[in-house]
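What follows is a short report on a single structure.
The values are calculated or read from the model by the stated rules, or taken from the named source; none is laboratory data. This one's a predicted model, so the numbers in the text were calculated from it and none came from an experiment. Neighbour counts run over all protein chains shown; Cβ positions are idealised from the backbone, glycine included.
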Amino acid sequence: MKKVLLLGFLCGALAVFVFHQGTLYVLHHQFPLIKALTGAADAFRPATSGFSFRSVPPLGVPQVLSLAFWGGVWGIVLAALIRYAHMPDLLTGFLLGAVACTIFGFTVVAQLRGAPMWGGGNSIIWWRAMLLNGAWGWGAAFLMRPFGVGGRGD
């Protein structure tokens, strides 16, 4: 159990820096190429390139550190699903991030922040959030692989 808690948190937090923020960085800086290859709408390009140190309420910590903390918490959930529900790691990671984390963010987190529920109904915000959160989940599961989180016994 300790292994799941510790590795889940560490891999989830690290996945925020590498995969979530890395995907945001690539989307922002390589958008002309992405648009040329996929035909993505201009609105799909994020306004920032990630790694924001803007303070966020209620504690005033930098945004990227807040994201890393919550990525660690969700990483524990992911590690538990992989370990105890015996679910496929990379698929479970992607789906947990793309679906569960996105829905949680657009409902519970939006309510706490006073933001529009469900991303204000903007489908582009939904697709971008699902891509970023899915990248986080896939990356967290990928980072857990060398530690045998999916194996049996602690």
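The table that follows gives values for the structure above.
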| read-out | value |
| --- | --- |
| Helices (runs of 4 or more DSSP H) wholly inside the range 88-154 containing at least 1 residues that are surrounded by 12 or more Cβ atoms within 10 Å (Cβ to Cβ) and within 10 Å of the chain's Cα centre (by Cα) | 89-95, 123-144 |
| Meets criteria (hydrophobic (A, V, I, L, M, F, W, C) and touching a Cys at 6+ places or on another chain (Cβ under 7 Å)) for Ala110 | no |
| Qualifying residue in the range 123-133 (condition: touching a residue at least 40 places away in the same chain (Cβ under 8 Å), basic (Lys, Arg) and over 26 Å from Val26 (Cβ atoms)) | no |
| Contacts under 6 angstrom Cβ, first residue in the range 1-30 being closer than 17 Å to Ala129 by Cβ, partner surrounded by fewer than 18 Cβ atoms within 10 Å (Cβ to Cβ), 6 or more apart | Gln21/Phe51; Leu24/Pro46; Tyr25/Ser49; Leu27/Pro46; His28/Pro46; His28/Ser49 |
| Tally of residues being assigned to a helix (DSSP H, G or I) and hydrophobic (A, V, I, L, M, F, W, C) across the range 47-76 | 9 |
| Residue match in the range 54-70 (condition: modelled with pLDDT of 95 or more and under 18 Å from Pro146 (Cα atoms)) | no |
| Count of residues meeting criterion [assigned to a loop (DSSP other than H, G, I, E, B) and in contact (Cβ under 8 Å) with a residue 12 or more places away in the chain] in the range 31-46 | 3 |
